[in-house]
Amino acid sequence: MKIEDINAVVTGASSGLGEGTARLLKEKGANVFLIDLNEEGLKKVSSDINAEYFVGDVSSSELMTNAVKNLENINCLVNCAGIAAGAKVVSSRGVHDLNLFEKVLNVNLIGSFNMLRLCAEKMQSNAPNEDGERGIIINTSSVAAFDGQIGQAAYSASKGGIVGMTLPIARELANHGIRVNTIAPGLFGTPMLSGMSEEVQQSLIATTLFPKRLGTSKEYALLVESIITNLMLNGETIRLDGSVRLAPR
């Protein structure tokens, strides 16, 4: 699919990977619709790139149904909305808070599926292009889905769930000409990671083979562009991580 033919919904668009994706797609000629819970950040990105937006929680069926119901010709979804939380199953602080575990799964996994199902429903009605394609869905997992660290039980479970649903959904939606892929980023300079201390960041970077730095949101967005334009990429989870393998802690 050509970028200039794209009408994309981008979640988590107020910052980080979602913002970088929205900016690059718009720059390349796509139409983008922004979704995030952070209204202030969303307004700024919207103003900068002249794009419409919706403020809401991606895990809410009602809110997201309202968000996309009037959108026409959606043929791309990039799921970037997500949260991270660190907690051991058992520690001196007590047992893992079940509500916290549920919250992480609700936003990261259920939120991604919620947007996927709503956008796929609209995509199936699109007129197919010359290749028979009606849409492309790109989810965001994490390398923590494969080598999660101590304290990442909830986060790794949520991201592993995204990996697990990629192929079966790609198989199903292939009948409608809709591709489904997932990106599993490593260590990226997003608000999620920048909230950690410099010492922690540097220790994580040290485990990356090359390049010895954090990834950028533009580098993530460039892979989104590649997935959109390469018809043969389907049902895949692609690690974008500089060959990092997370240590146990």
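Looking at this structure, is residue 81 in contact with a Leu (Cβ under 6 Å, 6 or more places away or on another chain), among the hydrophobic types (A, V, I, L, M, F, W, C) and within 19 Å of residue 34 (Cα to Cα)? Taking the combined requirement at face value, the residue does not satisfy it. Would a scan of the stretch 99-119 turn up a residue that is more than 20 Å from residue 234 (Cβ to Cβ), in a loop (DSSP other than H, G, I, E, B) and either without any contact (Cβ under 8 Å) to a residue 24 or more places away in the chain or not hydrophobic (A, V, I, L, M, F, W, C) (or both)? Scanning the stretch 99-119, I find no residue that is more than 20 Å from residue 234 (Cβ to Cβ), in a loop (DSSP other than H, G, I, E, B) and either without any contact (Cβ under 8 Å) to a residue 24 or more places away in the chain or not hydrophobic (A, V, I, L, M, F, W, C) (or both), so the answer is no. Of the strands (runs of 3 or more DSSP E) entirely within the stretch 1-77, those holding at least 3 residues that are among the hydrophobic types (A, V, I, L, M, F, W, C), touching a residue at least 12 places away in the same chain (Cβ under 8 Å) and crowded, with 18+ Cβ neighbours inside 10 Å occupy 7-11, 31-36. Restricting attention to the stretch 43-72, the residues that are polar (S, T, N, Q), modelled with pLDDT of 95 or more and more than 17 Å from the chain's Cα centre (by Cα) add up to 6. Here residue 127 meets each of (1) more than 24 Å from residue 226 (Cβ to Cβ); (2) part of a loop (DSSP other than H, G, I, E, B); (3) more than 19 Å from the chain's Cα centre (by Cα); (4) in contact (Cβ under 8 Å) with a residue 24 or more places away in the chain with one exception, condition (4).
Can we say residue 171 is buried (at least 20 other Cβ atoms within 10 Å of the Cβ) and at negative phi? Here the answer is no, as residue 171 does not meet what is asked. When the stretch 146-164 is filtered for residues that are in contact (Cβ under 8 Å) with a residue 40 or more places away in the chain and closer than 14 Å to residue 105 by Cα, the ones remaining, listed by number, are 152, 153, 154, 155, 157, 158, 159, 161, 162, 163.
The values are calculated or read from the model by the stated rules, or taken from the named source; none is laboratory data. The shown structure was predicted, so the numbers you read here are calculated from the model rather than taken from an experiment. Glycine also receives a Cβ, built like all others from the backbone with ideal geometry; neighbour counts cover every protein chain displayed.
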